[in-house]
Amino acid sequence: MIEFSHVTKTFDGQDALKDLNLTIHDGELFVLVGPSGSGKTTLLKTVNRLVVPTSGSVKIDGQDVADSHLQKLRRHIGYVLQTGALFPNMTIEQNASIQLDNLGWDPAKKHQRIVELMTKVNLDPDQFLSRMPNELSGGEAQRVGIVRALAGRPKLVLMDEPFSALDPVSRRQLQKIILNLHKQIDTTIVFVTHDMHEAFLLADRLAVIHNGVLLQVGEPDYMMANPADAFVKRFFDVDVSGHRLLKQVIDSGLGRPKADGDAVIKLQNSQTVYEWAGLLERIPGQLVEVDGQVLSQGDLISFVADLGKGVD
């Protein structure tokens, strides 16, 4: 468990964090979200002491990180940056093994662990372990960064906007990988993003931060339905409106139960209205099934028309 208690951080007379209190539970995929400059990355970095609070405390399992041995603290926290941040003069296996070298792992067990994780992030070890970083795409390099962060089986992994520099296809692939990994491993993940769609896709719970102030914490669906204030509502509306999910279409009451003889294509409730529209562009009139409900092309038109009613 991570406990932030009355955390304030001041840079050059300006408060980046303001008396912030927050608890993150063991095993959560917890997302910190907010506009650029909101303080979310500053908060993340207080966990591994890359940032030291001006006042207040950060505790992991009851231990104040300020009282922890710095190297020991960081050895047991995985950290994924905005880019893969791989050492250019080291092979992929050497890059992925850095934390295991620090922990003194046996070479055979180290290799076995890296092979296992490379497979989990869909990189063939036989093809990639001997390569150099300049031979990888951005998405591939970021996958290696994830392997490196998870290699030592940390109880906690920090991820600082890890997919922000990637193209949409790579970003979507890596989001799915993180969701699958989180189901398989006993690790708390704290994930920073400014993309509300990404936050909704990944988060068990999320926190909205603005100007260093924690505005609201909760499960994504609850927060969308019950925004704490006007800023949270605007932030959700602006950032999620471009990524309306099929779950929202179903929740709005559109669709009907599936009937015998319906020729449908199944879509996930986490897919977007844009993906649905793209399918209809390729196959006009195609029925889709989402959570047992059948949606038609008319439902899409009705949903978009209802959205427009709220636009001035």
Subject >> Neighbourhood charge, 13 Å Cβ-Cβ cut-off, centred on Leu86 and excluding it, Lys, Arg +1 and Asp, Glu -1 >> reply: 0
Original post:
Expressed as an acute angle from 0 to 90° and rounded to the nearest 10, what is the orientation of the C-alpha long axis of helix 230-241 relative to the principal long axis of the chain?
Top reply: 70 degrees
Original post:
When Lys and Arg each count +1 and Asp and Glu each count -1, what net charge do the other residues less than 14 Å away from Gly253, Cβ to Cβ, add up to?
Top reply: -2
**OP:** Take every DSSP beta bridge whose two residues both sit in segment 122-273, then give the antiparallel share in percent to the nearest 5.
**Re:** 55 percent
**OP:** Specify whether the C-alpha gyration tensor of segment 1-149 places it in the rounded, prolate or oblate class, a ≥ b ≥ c being the square roots of the eigenvalues: rounded for a/c under 1.5, otherwise prolate if a/b is larger than b/c and oblate if not.
**Re:** prolate
**OP:** Taking H placed 1.01 Å from N in the peptide plane, check which residues at least 5 places from Val80 or on another chain put their amide H under 5 Å from its amide H.
**Re:** Leu158, Met159, Asp160
**OP:** Counting other beta carbons within 10 Å of each Cβ, put Lys9, Lys109 in order, fewest first.
**Re:** Lys109, Lys9
Subject >> Extended-chain gain in nm, criterion 0.36 nm per residue less alpha-carbon gap, Lys233 and Glu3 >> reply: 80.2 nm
Original post:
If one computes the Cα centroid of segment 66-135 and of segment 4-34, what distance in Å separates the two points?
Top reply: 28 Å
Original post:
How big is the chain by the Kirkwood estimate over distinct Cα pairs, in Å?
Top reply: 21.3 Å
Original post:
Expressed as a rounded percentage, what relative contact order does segment 42-100 have, with Cα pairs under 8 Å and six or more residues apart?
Top reply: 21 percent
Original post:
When the label point is put 7 Å from the Cα of Gln63 along its Cα-to-beta-carbon vector, which residues of segment 3-41 have a backbone N closer than 20 Å?
Top reply: 3-5, 23-28
Original post:
Once the other residues with Cβ under 13 Å from the Cβ of Glu275 are scored (Lys, Arg +1; Asp, Glu -1), what is the net sum?
Top reply: +4
Original post:
Of the residues Gly39, Gly212, Gly298, which exhibits the maximal mean-square fluctuation in a Gaussian network model of the chain defined by a 10 Å Cα contact cut-off?
Top reply: Gly298
Subject >> His25/Asp221 FRET efficiency (R0 22 Å; Cβ-Cβ; nearest 0.05) >> reply: 0.75
Original post:
With charges only on Cβ, +1 for K and R and -1 for D and E, what is the dipole size of the chain about its Cα centre, in debye, rounded to 20?
Top reply: 660 debye
Subject >> Percent of beta bridges antiparallel (DSSP, the chain, rounded to nearest 5) >> reply: 55 percent
**OP:** Provide the percentage of antiparallel DSSP beta bridges, counting only those with both residues in segment 246-308; round to the nearest 5.
**Re:** 60 percent
Subject >> ³J(HN,Hα) computed for each position of segment 32-41 - Karplus, 6.51 cos²θ - 1.76 cosθ + 1.60, integer Hz, glycine/proline x >> reply: 9, 10, x, x, 4, x, 6, x, 5, 5
Original post:
With axes computed from alpha carbons, what is the tilt in degrees of helix 168-184 against the longest principal axis of the chain, rounded to the nearest 10 within 0 to 90?
Top reply: 70 degrees
Subject >> Length-normalised contact order for the chain - Cα pairs under 8 Å, 6+ apart - percent >> reply: 19 percent
**OP:** Taking the Cβ of each residue in Trp276, Trp105 as the centre, tally the other Cβ atoms inside 10 Å and list the residues starting with the fewest.
**Re:** Trp105, Trp276
Original post:
Remind me, what semi-axes does segment 115-228 give for its equivalent ellipsoid, largest first in whole Å, using sqrt of 5 times each Cα gyration tensor eigenvalue?
Top reply: 29, 15, 12
**OP:** In nm, give the distance between the simple-model label positions of Phe87 and Gln71, each being 7 Å from the Cα along the Cα-to-Cβ direction.
**Re:** 1.5 nm
**OP:** State, to one decimal in nm, how far the label point of Val52 lies from the label point of Ala263, with both points 7 Å from Cα in the Cβ direction.
**Re:** 6.9 nm
**OP:** Only Lys, Arg, Asp and Glu count, each charged at its Cβ (+1, +1, -1, -1), so figure out the dipole size of segment 25-115 about its Cα centre, rounded to 20 debye.
**Re:** 160 debye
**OP:** Please report Ile92, Ile24 as a ranked list, fewest other C-beta atoms within 10 angstrom at the top and most at the bottom.
**Re:** Ile24, Ile92
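Readers should treat all values here as calculations from the given coordinates under stated rules, not as data from a laboratory. Being a predicted model, the structure only gives us computed values, none of them experimental. Every residue, glycine among them, receives a Cβ derived from its backbone with ideal geometry; neighbour counts consider all protein chains shown.
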